[in-house]
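The values are calculated or read from the model by the stated rules, or taken from the named source; none is laboratory data. This structure is a prediction, so every number in the text was calculated from the model and none was measured. A quick note on method: Cβ atoms are made from the backbone with ideal geometry, for glycine too, and the neighbour counts reach across all protein chains shown. The accessibility values were calculated without ligands, DNA or RNA, using every heavy atom of the protein model including side chains. Shrake-Rupley method; radii C 1.70, N 1.55, O 1.52, S 1.80 Å.
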Amino acid sequence: MHTKIILLIDDDCDDREFFTEAFSGLKNAFTLLCAEGGTRALEMLSDMDIQPMLIILDAGMPAMNGWECLKLLKSDSRFAHLPVIMASTSSRLIGIEEARDLGAVAYMVKPWDFNDLKLMIEIICSGLDGTLQEKLLHLQAAMPNNVFVFSKAYKNSIF
């Protein structure tokens, strides 16, 4: 049985390490792959035999920021169907709205607390069986300042 792949796109090595540690308890069921930026992520996705079930995409990256990367992902028929959660340290409404308008399924403000991140990851991963939207809504209710979920019907936000 193959593990489920999740792709983290983040230029910050500390954030990649933080996410990797949060995923460590789930390593039997999930494989976290990390890309250091949008360009590398697009290369990795093109070379993968099995596509990830989820992409977690950092908003604030140099060279190609998260919104530019999201736009490229959603405009490529090979990757347009992949759910993307935009992640950022900022909760500015303009960034959240842009993520929604570009096709992200949710926007999460990266928590500073490791246990909060671990809980977020566990809930998100539990939704990769086909109930991601439901699990994200549960997470939004539990952490309304950190998680913003978008409707799939028309990129209308639920927040």
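Between the listed residues I50, L26, T131, the Cα displaced farthest toward the positive end of the dipole of the chain, a dipole computed from Cβ unit charges relative to the Cα centre, is found at T131.
Looking at region 14-159, the accessible area is 51 square angstrom per residue; that uses a 1.4 Å probe and ignores ligands, DNA and RNA. Each of R78 and L119 was given a label point 7 Å from its Cα along the Cα-to-Cβ line. The distance between the two points is 3.9 nm. The slack between D47 and A63, meaning 0.36 nm per residue of separation minus the straight C-alpha distance, is 3.6 nm. Where both bridge residues fall in region 7-159, DSSP classifies roughly 20% of the beta bridges as antiparallel.
Name the long-range amide H neighbours of A35: under 5 Å, sequence gap of 5 or more, or other chain; modelled H, no Pro or chain starts. Residues meeting the criterion, in which the H sits 1.01 Å from N, are L8, I9, D10. Spin-label model, L93 to S151: label points 7 Å out along the Cα-to-beta-carbon direction sit 1.8 nm apart. Listed by chain and number, the aspartates and glutamates whose C-alpha is less than 19 Å from the C-alpha of K71, apart from same-chain residues fewer than 8 away, are D10, D11, E36, E43, D58, E97, E98, D101. The simple Förster model, with R0 at 35 Å and r as the Cβ-Cβ distance, assigns D14 and D101 a FRET efficiency of 0.75. Helical runs (DSSP H, four residues minimum) scored at -39500 (n - 2.57) apiece and divided by the length of the chain put the mean residue ellipticity at 222 nm at -12500 deg cm²/dmol. Seen from every direction in turn and averaged, the convex hull around the alpha carbons of the chain projects onto 8.6 nm². Taking the Cα centre of region 1-126 as reference, the dipole from Cβ charges on Lys and Arg (+1) and Asp and Glu (-1) amounts to some 400 debye.
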